[in-house]
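Read the figures in this text as sums done on the coordinates, not as results from a lab. All figures in this text were calculated on a predicted structure; none of them were measured in a lab. When we count neighbours, we look across all protein chains shown, and the Cβ atoms used for this are built from the backbone with ideal geometry, even at glycine.
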Amino acid sequence: MTVLANPAEKLLFEVSKPGRRCLRLPELDVPKVDVKVALRGAKLRAKPANLPEVGELDLVRHFKNLAQKNFSVDRNFYPLGSCTMKYNPKINVTLLSLPGFTKAHPHLPEADLQGHIELMVTLESWLSEISGLPAVTLQPAAGAQGEMTGLMVIKAYFESKGEGKTRTKVIIPDSAHGTNPATAALAGFVPLTLKSTADGSVDLAALKAAIGPDTAAMMITNPSTLGILEPNMVEIARLLHAAGAQLYMDGANMNAIQGMVRPGDYGVDVMHFNLHKTYSVPHGAGGPGAGPIAVASHLEPYLPTPRPVRNADGSYSLDSKRPDSIGKVRSFFGNYGALVMAYIYMSQLGREGVRRNGENAVLNANYLRAKLRGVYHIQNDKACAHEVVFTDKTQHEQYHISALDIAKRMIDYGIHPMTIYFPQPNVVGGHGAMMVEPTETESKETLDFFVEVMKQIAQECKDNPEIIRTAPHTTPVSRVDEKTATTNPQLYCPMCIA
Amino acid sequence: MPFIQNTEADRAEMLKAIGVGSIEDLFKDIPANLRLKMSDPGMLKLPKGKGELEVTRHIQELLAKTKNAGDYAYFRGGGIYNHFVSTLIDHIALYDGSFITAYTPYQPECSQGTLTFIYEFQSSITALTGLEVANASMYDGASALAEAMMMGKHVSEDRHRKENRNTFVLAGAVNPEYMQVCKTYADVAGIKIAQVAPGADGRVDGNALAKALTRKVFAVAVQSPNYLGVIEDVEAVVAAAKENEILVVQAVGEALSLALLQSPAESGVDVCVGEGQSLGNHQFLGGPAFGFFASKKEWLRKMPGRIVSETKDKDGRRAFALALATREQHIRREKATSNICTNQSLCALRALIHLAAWGKQGFVELAEHSVAKTQYAIQKLTSVPGVKLAHTGAPVFNEFVIQAAPGLEKKLLKKKVAGGLPLDKYGKGRRGQYLVAITEVTTKADIDRYAEALAEAMKGKPVAV
Amino acid sequence: MARPDNVRYLESHEWGRLEKDGTIVIGITDFAVEQLNDLTFVDLPEKGDKVTKGSPFGEIESVKAVSDLISPVSGKVLAVNDTVSDDDFSALKKDAFGNGWLIKIKPDNAKELDAAKSKADYEKQLAEEAH
């Protein structure tokens, strides 16, 4: 049989045909100019950029066809650990599409931005209340940039105290996400890895030994990437403060503890939120997100500018006159559109909703832990927070089936794979981690379905291991050769520079 | 409870399965004295939750306290532009959940939709810049430039191993938002930033640049069109940087300019970064949009950000996957050259739809309309007594600076004209200067109204010579 | 593969062999090659570069992992095995202790190599790690 090529399956560049287009401009209402004359003195490009030329229907079909090749929260259970793939309410994008937001230009005069500055001031106050820390900046564009901003603030603080040259080290537990050490290094610190205890918490003796006069800060993820609450937060904060150092909390997993405990009450000095995780800004296939940070009062002078402020007369303004500020980490006000969505979401949650979200996120994760215990190995089988970390120990030892194989098989059941091989094997007994985060928005029925699927996969490992090793079988493409993508990268469609 | 589907009965059943008496039992690792008591109204002081109707009303009330570019004859740019955004884009990227509610495409088999559009986006950026390697996008133009600076440093550490080059040169009029972000990153990285001021024509001063480009410099950045709207001679910067093997970065603040101007590859730059908001992204007070980042193939392994490559599946079919992940922080940890974990995929998708919907010809027409309207606006505004171009002798694309008189802003706003952005704070000697931006959205009537209101406002002001 | 007795091993899976001419040849073990699986990239020093005991002299990457290459001794690089490259890891895969060697150095003090593990100790380490 001949394979018939549906044009909707081709790349836009491949279906391009001269003369096709979707959009047209109004007739020019000013005198036409010769570009060569108008731009005299400028070098012009030899020929137009080879962008695709397509009609509107084919363009729409192209993207609708791609849409079908994606798993998404709207269509699939998506228990991707540490990513908090919760439901994204539709009202968020509907309201964001109002011209008051879409045409809000950053260089409008302050008087025209009152409602926007008010929104930012209010959002800051909510995040402040939840973190238990008095000051917040919304500028960082993502969690990683929040981390960077937090460490920059800490650095500026030590510099102002004349300790900038001596406090050079940042302590980071070995279970941390790679972003933590990467950020610390790029912020000009030396990252120091701290080995965790067997149950995945901070080893206090090791921490004591690691802390010294050269310690600037410790970065701790709580709940940790192992899905557990750090039991010794107060003591950790005390040890650091006694040595004059700061405690940074990576709030990637804040979804579990929002409304239950305020990190500031532990003694945390700086933390970041991932609004795209905890406060339902859609992940957007990889972004945009937002990574605000909250800080203790002694760090407030160093936050990025401009700071949105409420004046005594009830008006709002943007304060850029802050001599100790680290400056700007992103242009204008950060990902304001993402902030708006978080604001709308939090307005709907309210006080009760914030608490309920955390409770149900933890309940759902523990329910999966209880239901799949014995089917998949759990390195630390104790109450978990937002996620439960299984491993491939049983399946690997008995049937040579890895976490990767199991993840791929889940796709055949319409479930997005969990996070695999993170945390790193050294903190989960050398096995392949499978990190499952159901979030609070999933129903018990969906969780039960997931449990049945995972049991069936475990059974298949025994009865029909080949079907697992060659999975997925139901997707538009089978297992993808990621090695060739790296050793022989082809990063653009050749037609784009034809 | 909003968005939670577990009923009380579900919860009871689940707790039983777990083997605990209450949800709070799952939080025992938090000291009891730190757990918030919901019965105490002084704890967790947040407002009561609102339903969809209420929250819609509330947002409308907030927006009633704002004005937007659509409320004026609008002439402000400076990094974010009031362009037309096709409804096609919102339909595909915003209202269809397939892309917006997906995550980073770590599992290629169920993310071919995302991986394919990123590959097509990279191809579009390669089409625009001529550079062979484009990444999946960055936060914004400003942080893309800061990342290019960090990359330049790493490239130099390899290329000039014993030289310890530590200076980054910002040549000419660079967007102050970009400069500030670079400075913040440079401060912690121990990098020295040297600025070369623009000359009288608004372009980089060639003599000053030649002096600045010593063997202490690892990279030089030039923005074109620059912050003053002036088109730079990028080739001249490349030539000046050659002798000392300095990496050349071109920053692009208005991506539409790439439709007409010599491409970064033709100019010979190593890296081109820029702000992509102009390509189908809403203004949103400056974000989210995206930064683009393209480079010569030589520097691929030092590049920040996600990259997608074409490859095959095990049955030989075409497939796409993330490539070169070992550059990234989640694997390289403290030795990574960037800490960025994500891109701005959805904004990149918007750009791709925008570029494909306008297409090869349409995209050029968009730029040509801007140029024609800009020429008309220059002629109209400079015919107002007392108003002239601040920089002459060098071409402009869709922004230009007028020298008028200080303090005109409010008078114009009253006439529903958001005139050019006052440049008083941008640098010395810029009192009474305004940065005027034009797009395809600007009409002749808008420009005429601006000229009229400007003439009115200028009455009685000293005439500039 | 039988691991040779005449080389010393590091916990981080490099090996070093003292040659008759007093130079030391360094490579990575068959175990490391197997663990890294899909090798994609190797970054080795240049002739004349200095290497330091216990410090990285290069990097080796697979699709989703990157590992430092640690030197068992300090010294100066005399030769680099150019048959091991990004395009060709076959020597490393087939013969990690022979044709798959990575660098040859002139040690400052060849005795530093004695601090590394014997084959028996290294294999004991591997057995422990497997549990």
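Structural remarks
- DSSP-loop trypsin sites (Lys or Arg not before Pro) across segment B:176-241, with at most 14 other Cβ within 10 angstrom: B:ARG215
- Residues in segment C:84-110 reached by a label modelled at C:THR23 [backbone nitrogen below 20 Å; 7 Å Cα→Cβ]: C:84-85, C:91-92, C:95-110
- For chain B, the dipole from Cβ point charges (+1 on Lys and Arg, -1 on Asp and Glu) about the Cα centre works out to 1300 debye, to the nearest 20.
- Semi-axis lengths, largest first, of the ellipsoid equivalent to segment A:1-146 are 40, 31, 16 Å, with √(5λ) applied to each eigenvalue of the Cα gyration tensor.
- A straight chain from B:ASP424 to B:LYS37 at 0.36 nm per residue would run longer than the Cα-Cα distance by 134.1 nm.
- Between the helical axis of B:8-18 and the longest alpha-carbon principal axis of chain B there is an angle of about 70 degrees.
- Partners of A:LYS165 within straight-line reach, counting aspartates and glutamates whose Cα lies under 12 Å from its Cα and excluding those fewer than 8 residues away in the same chain: A:ASP214.
- Separation between Cα centres of segment B:251-292 and segment B:17-36, rounded to whole Å: 51
- Rounded, prolate or oblate (a/c below 1.5 giving rounded, otherwise prolate when a/b exceeds b/c) for segment B:75-137 by Cα gyration tensor: oblate
- Two-site FRET efficiency, B:ALA197 against B:GLU61, from Cβ-Cβ distance with R₀ of 41 Å, rounded to 0.05: 0.35
- Spin-label model distance (nm) - C:GLU46 vs B:LYS45, 7 Å beyond Cα toward Cβ: 6.4
- Net length available on complete extension from A:THR94 to A:THR470 is 131.2 nm, with 0.36 nm assigned per residue and the Cα-Cα distance removed.
- Per residue, the convex hull spanned by the Cα atoms of chain A measures out at 212 cubic angstrom.
- Whole-number D in µm² s⁻¹ for segment B:173-295, Kirkwood Cα-pair radius fed into Stokes-Einstein, 20 °C, 1.002 mPa s: 142
- Hydrodynamic radius of segment B:316-424 per Kirkwood, over alpha carbon pairs, in Å: 19.1
- Mean per-residue shielding of peptide B:78-90 is 3, counting Cβ atoms of other chains within 10 Å of each Cβ.
- Among the listed pairs A:LYS321/B:LYS183; B:LYS373/B:LYS411; A:LYS393/B:LYS16; A:LYS328/B:LYS416, those with a Cα-Cα distance over 21 Å are B:LYS373/B:LYS411; A:LYS393/B:LYS16; A:LYS328/B:LYS416.
- Along each principal axis, Cα extent of segment A:7-68, largest first, Å: 48, 27, 19
- Computed [θ] at 222 nm, deg cm²/dmol, chain A (DSSP H ≥ 4; -39,500 (n - 2.57); rounded to nearest 500): -11000 deg cm²/dmol
- For segment A:358-484, the ratio of Cα radius of gyration to the globular rule of thumb 2.2 N^0.38 Å stands at 1.03.
- Rounded FRET efficiency, nearest 0.05, which uses the C-beta distance separating B:LYS335 from A:GLN456 and R0 of 45 Å: 0.60
- Other residues whose C-beta falls under 14 angstrom from the C-beta of A:ALA296 contribute a net charge of -2, scoring Lys and Arg +1 and Asp and Glu -1.
- Ranking A:ALA176, A:PHE422, A:ASN50 by how far each Cα lies toward the positive end of the dipole of chain A (charges on Cβ) leaves A:ASN50 at the top.
- Residues C:LYS106 and C:GLU128, FRET efficiency given R0 of 30 Å [Cβ-Cβ distance, rounded to 0.05]: 0.30
- Euclidean distance between Cα centres, segment C:13-55 to segment A:386-449, Å: 35
- Lys, Arg +1 and Asp, Glu -1 on Cβ, resulting dipole of segment B:1-44 about Cα centre, debye, nearest 20: 100
- About the Cα centre, charge dipole magnitude for segment A:7-68 (Lys/Arg +1, Asp/Glu -1 at Cβ), debye: 320
- Over chain B, volume per residue of the alpha carbon convex hull, in Å³: 215
- Segment A:211-232 residues near the modelled A:THR166 label - backbone nitrogen below 13 Å, point 7 Å along Cα→Cβ: A:212-216
- Percent of C-alpha pairs per 20 Å bin, the protein assembly as shown, short to long: 12, 43, 35, 9, 0
- Of the residues C:GLY98, C:VAL7, C:ILE28, the one whose Cα sits farthest towards the positive end of the charge dipole of chain C is C:VAL7 (charges of +1 on Lys and Arg Cβ, -1 on Asp and Glu Cβ, taken about the Cα centre).
- For segment B:88-352, alpha-carbon Rg and Dmax in angstrom: 18.3, 62
- Cross-link pairs beyond the 26 Å C-alpha cut-off, checked among A:LYS64/A:LYS90; A:LYS169/B:LYS216; B:LYS192/B:LYS302; B:LYS388/B:LYS414: A:LYS169/B:LYS216
- With both labels modelled 7 Å from their Cα along Cα-to-Cβ, the A:ARG40 to A:GLU235 distance reads 8.0 nm.
- Taking each residue as 0.36 nm, the span from B:TYR95 to B:ASN244 lengthens on full extension beyond its C-alpha to C-alpha distance by 48.6 nm.
- Ranked by how many other Cβ atoms sit within 10 Å of their own Cβ, fewest first, the residues A:LEU4, A:LEU12 fall in the order A:LEU4, A:LEU12.
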